Amino acid sequence: MNEIESSLPQVRGPADHSVREQIVLAAGEHFSRYGYDKTTVSDLAKAIGFSKAYIYKFFDSKQAIGEAICAATLDTVVAAVDEALAGASTPTEKLRILFKTLVTTSVSLFFNDRKLYDIAANSAGEGWPSAIAYGQRIRQTLVEIIREGRQAGEFERKTPLDETVHVIYLVMHPYVNPLLLQHNLDLVDDAPTQLSNLVLRSLAP
């Protein structure tokens with residue numbers, strides 16, 4: 001089991017059971033109408049017609065239900081990034097695409113659906129395993145791009161790799177973290193290009 005997998009919440013009950021899907025679907029609708037913070041497991045139980053005890057056979061808390069929704073959403077962002085990067089021919093192009101795709105996909109998902117934003121904000125603010133795994137995945141993608149760029153002679157090699165990745169992630173953080181992204185929505189059209197240009201200049205050999 002790798003580091004990302006070990007950080008994800010453990011699933012109760014049969015993983016492929018239709019009841020899990022039913023609970024998650026009902027939770028999504030309830031969160032969308034009333035908000036994540038104002039919804040309780042008892043509210044979900046009443047909405048679905050199950051007992052609270054029965055829901056606890058599949059999820060150990062409201063957060064675990066939110067985790068299931070949040071993890072699926074963040075997986076969508078990662079999938080969009082992977083698909084976009086697959087079409088890039090150079091590490092420089094990959095870095096530009098990474099910045100742009102992370103921002104545009106996150107804005108599209110989180111801010112067109114308040115339910116998803118509320119859950120993602122809780123995930124980021126409280127350090128849920130889904131948010132931690134997401135950050136690890138982005139940093140791993142950066143490691144792969146920087147290594148490839150150094151091997152190709154596109155990026156400098158003097159700065160330690162972990163330091164380079166950490167600093168680039170700090171630059172990206174206001175546009176990756178949903179809590180911070182909401183304060184930068186008026187900048188998302190230009191910021192990915194401007195920031196990736198700045199980072200690429202710093203990486204020049």
Calculated FRET efficiency for the pair ASN184/ALA79, C-beta based, R₀ 25 Å, to 0.05: 0.60
Difference of contour (0.36 nm per residue) and Cα-Cα distance, VAL167 to SER108: 18.7 nm
Lysines whose Cα lies under 17 Å from that of LYS38, excluding same-chain neighbours fewer than 8 positions away: LYS46, LYS52, LYS62, LYS115
Cut-off 15 Å between beta-carbons: net charge of the residues surrounding LEU179, Lys and Arg +1, Asp and Glu -1: -2
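What's the FRET efficiency of ALA152 with THR193 using the Cβ-Cβ distance as r and R₀ = 30 Å, to the nearest 0.05?
With R0 = 30 Å, the Cβ-Cβ based efficiency is 0.85.
Under 13 Å from the Cβ of ASP82, count the other residues' Cβ atoms, weight Lys and Arg +1, Asp and Glu -1, and hand me the total.
Cβ neighbours under 13 Å give a net charge of -1.
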For ASN122, net neighbour charge (Lys/Arg +1, Asp/Glu -1) across residues whose Cβ lies under 14 Å away: 0
Segment 18-60 pair-distance distribution - Cα-Cα, 5 Å bins, rounded %: 6, 25, 38, 23, 7, 0
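Laboratory data are not the source of any read-out in this text; all were calculated from the coordinates shown. Everything numeric in this text was worked out from a predicted model, so none of it was measured. So basically every Cβ, Gly included, is an ideal-geometry build from the backbone, and we count neighbours across all protein chains shown.
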